[in-house]
Amino acid sequence: MDRIVIHGGERLMGSVSISGAKNAALPIIVSSLLTEGWNLFHNVPDLADITTIKKMLTSLGAECEGAGSLGVNAGSIKNCEASYDLVKTMRASILVLGPLVAREGRARVSLPGGCAIGARPVNLHLKALREMGAEIELRDGYVDARVSRLRGAKIYFDISTVTGTENIMMAATLADGTTILENAAREPEVVNLARVLTDMGAKISGAGTDRIVIEGVTSLRPVEATIIPDRIEAGTFMIAAGITGGEVKILNCDPSHLEPLIAKLTETGMIIDSIPGGLHVRGGEKIMSVDVKTLPYPGFPTDLQAQMIAMMTVGSGISVITETVFENRFMHVNELMRMGADIIIEGNSAVIKGMRKLSGAPVMATDLRASASLILAGLVAEGKTEVSRVYHIDRGYERIEKKLSSLGARIERIKD
């Protein structure tokens, strides 16, 4: 099992190019199930989760060719079952449910696994499909869904759900009639998917708002499309520059997707300027402690909460970071405390007393974003930090150790 070893104390300097967004690429790749013929998707990141979704589509009968530019042909679907062996490693696998039911009238999909950061139940997906006429049974850890043809319906999501919005939006493109999604997720990744579906011939309006309207059509056509930059990767490198007092140009990112983070990092004393195609970020003389509350987009992203906690451990005061999106998402805190961080968990909030220095230590990643926070802490800690179970980080960051090394970090991957 690989480990990442960091010798802290280096200021990050230089420029880094941001990869395509994992959370946009996954549903867009899956949307190829709604078409017959070759789709071509550009700016696809080289990640473990992308490998998993390609394996899943192949198991359903689709053809996948290429990497950064990925061709997918789902002209012949030979199998409508997404097995536990694939789904258990990645929650986003549930995204095949909607397209399969919409196109084939049936699907058997294992209940998902993925990062252990809360229940994140799929009941909202299933409730919506039932309202669209599907018969759904839960048996032996699988979702069995059948329908002659989905019909349009008015769907209200009890909570804002990104994968739920994406799943039902894809399903509704081939439904009979009009589907209205209320309290829909507004994330840029949802908008990217909606644009791709529209290019395929879908009739969608309202993406980017909390009310999306989809008028069903009888068929969709293949497309050529580009994945948006990964705002979470961009945010992670912005925080890396701040925590080390460095100066980094973040290239190939969309600043409009990062406004809540830019506001908070500016409060910490960082200087952030827009440049063509990205951002120029500079760490302040010291890190001012700030309070953060995670919220669905356009609020502060839950996927950057762990990284902000790492930064606040070396802040100049006391900060409170409140998690409102997922329960059980403070598992990285115990590992940061092994490095000397002063953190107290009170309900869904972490109270962090900033300190001058962290100390390098052996730590263990518990999920994708937790592993990023431990690497950030290692960048500023005295001595050596060794992060184990880094397979988590390979799910969402493309060669993070090489990108950080190019900025001057002393970091390497050790293969056991």
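Structure summary
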{"read-out": "Number of positions in region 289-320 that are assigned to a strand (DSSP E or B), among the β-branched types (Val, Ile, Thr), within 18 Å of Ile262 (Cβ to Cβ) and over 20 Å from the mean Cα position of the chain (by Cα)", "value": "0"}
{"read-out": "So Ala134, is it within 30 Å of Arg329 (Cβ to Cβ) and either modelled with pLDDT under 95 or not acidic (Asp, Glu) (or both)", "value": "no"}
{"read-out": "Members of region 323-341 that are among the β-branched types (Val, Ile, Thr) and either within 12 Å of Ala306 (Cβ to Cβ) or not assigned by TED's automatic domain parsing to the domain that holds Ala372 (or both)", "value": "Val333"}
{"read-out": "Contacts under 8 angstrom Cβ, first residue in region 253-274 being touching a residue at least 60 places away in the same chain (Cβ under 8 Å), partner of a type outside the set (A, V, I, L, M) and part of a strand (DSSP E or B), 6 or more apart", "value": "Cys253/Pro229; Cys253/Gly278; Asp254/Pro229; His257/Pro229"}
{"read-out": "Residue ID - farthest from Gly98 (Cα to Cα), chosen from residues in region 62-87 that are in a strand (DSSP E or B) and small (Gly, Ala, Ser)", "value": "Gly66"}
{"read-out": "Residues satisfying the stated conditions in region 357-373, i.e. over 21 Å from Thr52 (Cβ atoms) and assigned to a helix (DSSP H, G or I)", "value": "Ser373"}
{"read-out": "Condition met for Ala202 (over 21 Å from Gly37 (Cα atoms), surrounded by 19 or more Cβ atoms within 10 Å (Cβ to Cβ), at pLDDT 95 or above and not β-branched (Val, Ile, Thr))", "value": "no"}
{"read-out": "Single residue of region 324-339 satisfying the filter (surrounded by fewer than 19 Cβ atoms within 10 Å (Cβ to Cβ) and in contact (Cβ under 8 Å) with a residue 40 or more places away in the chain) that is nearest to Ile6 (Cα to Cα)", "value": "Met331"}
{"read-out": "Evaluation of Thr209 against (1) surrounded by fewer than 24 Cβ atoms within 10 Å (Cβ to Cβ); (2) among the hydroxyl-bearing types (Ser, Thr, Tyr); (3) farther than 20 Å from Gly299 by Cα (one fails), failing number", "value": "(3)"}
{"read-out": "Residue in region 374-392 that is assigned to a helix (DSSP H, G or I) and more than 17 Å from Phe237 (Cβ to Cβ) present", "value": "no"}
{"read-out": "Selection status of Ile414, surrounded by 21 or more Cβ atoms within 10 Å (Cβ to Cβ) and not basic (Lys, Arg)", "value": "no"}
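The values are calculated or read from the model by the stated rules, or taken from the named source; none is laboratory data. Keep in mind that what you see is a predicted model, and the values were worked out from it rather than measured. Cβ atoms come from the backbone with ideal geometry, glycine included; neighbour counts cover every protein chain shown.
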